[in-house]
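The values are calculated or read from the model by the stated rules, or taken from the named source; none is laboratory data. Keep in mind that this is a model prediction, so the values were computed, not measured. Quick reminder, even Gly has a Cβ in these numbers, built from the backbone with ideal geometry, and neighbours come from all protein chains shown. Surface accessibility is based on the protein's heavy atoms, side chains included, excluding ligands, DNA and RNA. Shrake-Rupley method; radii C 1.70, N 1.55, O 1.52, S 1.80 Å.
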Amino acid sequence: MIMRIGPMAAAGLAALLTLPAPLVAQSEVGSGPWTIANGNPDIELHVPREIAQTYDRGTRSKDGAPGPNYWQNHARHTMKLTISPPDRRIVGEQEVVYTNNSPDALPMLVFRLYLNSHQPEAMRERPYPAGFLSSGVSVEDFAINGKPALWNDPKSPVAAFNTPGSTTHIVMLEQPLAPGASVTITMRWSYDITADHGWKEGAIDESTYFLAYFFPRLSNYSDHSGWDLAPFTTGREFNNDFADFDVSVDAPRDFVVWATGELGNPDAVLQPAIAARLKASRTSDEVVTLAEPEDMAAGRITARAERLQWRWQAKSVPDFAIAISNHYRWQASSVVVDPATGRRTAVEAAYAPSATDFTNSVEEARETLAFGSTEWPGVPYPYPKTTIVLGSADEEYPMMVNDSSNLGSTPPAGVSVDQFTAFVGAHEILHSWFPFFMGINEKRYPFMDEGWTTTFEYLRNRKVLGGETADALYKDFRVTRPGWPAPTSGNEIPIITPHDSLYGMSPVFGFNQYGKASLGFLALKDLMGDDAFKKGLHLFMTRWAGKRPLPWDMFASFNAATERDHDWFFANWFFGYNYMDIAIAGVTSGADDHTVTVRNPGGMALPFDVVLAYADGSTERVHRTPYVWRDTPREAEVQVAGGKALQSVTLDTGLFVDFVPADNTWKAAQ
């Protein structure tokens, strides 16, 4: 895209947006174990220039750890929202305290207004129905450090950026925000919630709303790219900083509010018996029903004031979401997520009773949280609560899931509607670790978000559904169903390609961030073995939890954890123009062994099994990890001891669906 900035002084704007020169010229910061064993000296991962500069500045280290000068900016949001269904107008009063932890003086602030994507003038990556359109976010009052200021200043040197349909908004400061200093922004804003047309927020029905991406926030200012000015076009996800939230929701009585974080005043908004049952659920495995629609209608759930103030608080999360309804079933329980300490996490669900595939959602969420906390990724769930809400987004939010019912749909073969709904819910809950706990830039590197979560989802399904069903579901839903094996133009685009540099909703891009990336992580698991793989994953997570990691931090952390250089593998799977296709080139037999020559026309370092069928009716299966391709990436030999006569040889790639399976079988001459 060519960004046209009109007649304004381009040179002056460039000076505002450009990162400073490196703080340390050509430093040796982070020189890690670069003599790691088992490496291929001819393989070196490409490092973009903006990432290489972080090593010079000392904000990141070449061995994958945060550098001694690492920083990230922080915001503290205090908000009051007024919601009055069926009125669609949402009104917010907000204070943001933004702290500049960078070494740079910031002459401007960049705000992110995601809901301006509803404006008719906004760029979007696919058509939406007319009901999706709205006037976006309207900021009525705006002040900086208590001094009234213009939200739209026509004399500002950046006024040309603040046009209708823009999802970013730039405000110049009278004085640059100094390193280590904070600025306090106060504002009053409003927007009209639209009908839910299959995006990730909106009115689910006349009295059930899901609010997401609704509040003005500061865009990300990073150590590698400065201000994130890329527009939100509804085809990419998010790049939000960690923040603290104190949010009050003013709602009519007989409406229940659910939100990110913990409810700070249950005794003020709930009737005593309901508040007591909610409190008891926090220490119990039992699933209790706190409210049915008829209970809400009869006035038996909330306190009896005309309007109630629900107060929610959350710390160190990249986003905040809210749900409200007066006719949803409300259930609650809890689960131990840290066996070492006995720490529990609350689990809640809110859904219409007619969505019978949600009936077991609390129990299924408990199972998923326990799995994620103790098995994969095997790090205790870091938050105090999660809530599953019936909507239509199939989307994750910090401590929240907005999922659709699958009643009336046809799930992938081999699973029931209930199992598929649980599978989708598990996927969204497992996002709690990636991107939220780990601070992933979903917009640019979604393979670190969706790829990891798809991997954990598959491993969870193997435990819950069994290996055969989980494998079939993975191949059907994550690889073959969207038609990715077809020779589609662009199918070999490397996973590392910045997602926000691509335009359009091509399924190729979905393959990169979901199935292909997940297969890459599973291939790495096969290469390293479970113990070493988990050691690398945990080192990466320990280093970068609550921070903003990049792919190079992840790759180097896996190398550092095991003191083995896997850059040849990362180059192959994440940086290469490869696809999944191997073939039998020939079979030779000697007196005491057989040699199977395997070609790799697709170039991907796949694990595979060689299945030998002998003339006497017996079979033998020999596994090869991706290591077989390290030194000879286009051809490998598999030697199998034994002198029995062969009848046939087949290559079995399992989950790694071969895009050209016809050449995977050899048969002995008759």
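Among the residues of the range 574-614, those that are at pLDDT 95 or above, among the aliphatic types (A, V, I, L, M) and more than 13 Å from residue 653 (Cα to Cα) comprise 585, 587, 596, 612, 613.
The sole residue among 140, 125, 44 that is surrounded by fewer than 17 Cβ atoms within 10 Å (Cβ to Cβ), farther than 30 Å from residue 552 by Cα and among the acidic types (Asp, Glu) is 140.
Are any of the residues in the range 403-411 open to solvent by less than 20 Å² (accessible area, probe 1.4 Å), aliphatic (A, V, I, L, M) and at pLDDT 95 or above? No: the range 403-411 contains no residue that is open to solvent by less than 20 Å² (accessible area, probe 1.4 Å), aliphatic (A, V, I, L, M) and at pLDDT 95 or above.
Can you say whether residue 182 is in contact with a strand residue (DSSP E or B) (Cβ under 9 Å, 6 or more places away or on another chain), open to solvent by less than 30 Å² (accessible area, probe 1.4 Å), of a type outside the set (D, E, K, R) and at negative phi, as far as the supplied structure shows? I'd like the intermediate steps shown before the answer.
Working: in contact with a strand residue (DSSP E or B) (Cβ under 9 Å, 6 or more places away or on another chain): yes; open to solvent by less than 30 Å² (accessible area, probe 1.4 Å): no; of a type outside the set (D, E, K, R): yes; at negative phi: yes.
So residue 182 fails the test.
Taken as a whole, the condition of being in a helix (DSSP H, G or I) and charged (D, E, K, R) does not apply to residue 442. Answer with yes or no whether residue 163 is of a type in the set (S, T, N, Q), in a strand (DSSP E or B), open to solvent by 20 Å² or more (accessible area, probe 1.4 Å) and within 24 Å of residue 238 (Cα to Cα). Taking the combined requirement at face value, the residue does not satisfy it.
Scanning the range 391-430 for residues that are in a helix (DSSP H, G or I), within 16 Å of residue 320 (Cα to Cα) and touching a Gly at 6+ places or on another chain (Cβ under 9 Å) returns a single hit, 429. Restricting the search to strands (runs of 3 or more DSSP E) fully inside the range 196-300 and requiring at least 1 residues that are modelled with pLDDT under 95 and crowded, with 19+ Cβ neighbours inside 10 Å gives 202-205.
No other residue among 553, 526 is under 32 Å from the mean Cα position of the chain (by Cα), at pLDDT 95 or above, open to solvent by less than 20 Å² (accessible area, probe 1.4 Å) and acidic (Asp, Glu) apart from 553. Only one entry in 68, 107, 103 is open to solvent by 60 Å² or more (accessible area, probe 1.4 Å), farther than 28 Å from residue 133 by Cα and either touching a Pro at 6+ places or on another chain (Cβ under 6 Å) or of a type in the set (A, V, I, L, M, F, W, C) (or both), namely 103. The set of residues in the range 48-65 that are farther than 14 Å from residue 553 by Cβ and buried (at least 21 other Cβ atoms within 10 Å of the Cβ) contains only 57. Residues in the range 617-643 that are touching a His at 6+ places or on another chain (Cβ under 9 Å) and farther than 30 Å from residue 476 by Cβ: how many? Number of matching residues: 5. Reported count of residues in the range 363-389, each being in contact with an Asp or Glu (Cβ under 7 Å, 6 or more places away or on another chain), surrounded by 19 or more Cβ atoms within 10 Å (Cβ to Cβ) and touching a residue at least 60 places away in the same chain (Cβ under 8 Å), is 2. Taken as a whole, the structure places residue 335 among residues that are surrounded by fewer than 23 Cβ atoms within 10 Å (Cβ to Cβ), at negative phi and part of a strand (DSSP E or B).
Across the range 344-355, not a single residue is classified as at pLDDT 95 or above, in contact with a Gly (Cβ under 6 Å, 6 or more places away or on another chain) and open to solvent by less than 20 Å² (accessible area, probe 1.4 Å). Here residue 189 meets each of (1) open to solvent by 30 Å² or more (accessible area, probe 1.4 Å); (2) in contact with a strand residue (DSSP E or B) (Cβ under 9 Å, 6 or more places away or on another chain); (3) among the aromatic types (Phe, Trp, Tyr) with one exception, condition (1). For the range 80-96, the criterion of being open to solvent by 20 Å² or more (accessible area, probe 1.4 Å) and in contact with a helix residue (DSSP H, G or I) (Cβ under 8 Å, 6 or more places away or on another chain) is met by none of the residues.
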